[in-house]
Amino acid sequence: MQADRSEELTEEEIGIIMDVIATDGYYKQAMIVKVVCPVCFEEFLGTKRHAGGFISGHRAYHEFDDNSNILKEEA
Ligand SMILES: [Zn+2]
């Protein structure tokens, strides 16, 4: 079984370009980036592809969370 390379990234690898074998495919010449959610400050380290998923996932989650807060306040 091939290990997911993204599970062993460290901060020292930010900005470097590498080939990444992930569960969803093989990323050639992928740059490792670090992104921080502006809402909850959770950090993510990985390829841009996965960082995009992290960002949109958090955006969707926090929008949902905001909406559920509004619903609670109105109830
Ligand atoms: Zn977040």
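Structure data summary
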{"read-out": "Whole-number percent relative contact order across the chain, with pairs defined as alpha carbons under 8 Å at least 6 apart", "value": "21 percent"}
{"read-out": "Residue among TYR26, PHE41, LEU9 farthest towards the positive dipole end of region 2-74, charges placed on Cβ", "value": "TYR26"}
{"read-out": "Amide H contacts of ILE21 (H built 1.01 Å from N, under 5 Å, at least 5 apart or other chain)", "value": "ARG5, TYR27"}
{"read-out": "Computed FRET value (nearest 0.05) for GLU12 with ARG49, which takes r as the C-beta separation and R₀ as 35 Å", "value": "0.95"}
{"read-out": "GLU42, GLU13 arranged by Cβ crowding within 10 Å, fewest neighbours leading", "value": "GLU42, GLU13"}
{"read-out": "Per-selection Rg to Rh, region 2-74 - Cα, Kirkwood hydrodynamic radius", "value": "1.12"}
{"read-out": "For region 43-60, Karplus couplings with θ = phi - 60° (6.51, -1.76, 1.60), whole Hz, Gly/Pro x", "value": "10, 9, 10, x, 6, 4, 4, 6, 4, x, x, 4, 5, 5, x, 5, 4, 5"}
{"read-out": "Candidate lysines - alpha carbon under 30 Å from LYS72, same-chain residues fewer than 8 apart omitted", "value": "none"}
{"read-out": "Set of lysines with alpha-carbon distance to LYS48 below 25 Å, sequence-local pairs under 8 removed", "value": "LYS28, LYS34"}
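Read-outs: derived from the displayed coordinates by stated rules, not from any lab. On a predicted model such as this, the values are computed, not experimentally measured, just so you know. Reconstructed Cβ throughout: ideal geometry from the backbone, glycine too, with neighbour counts over all protein chains shown.
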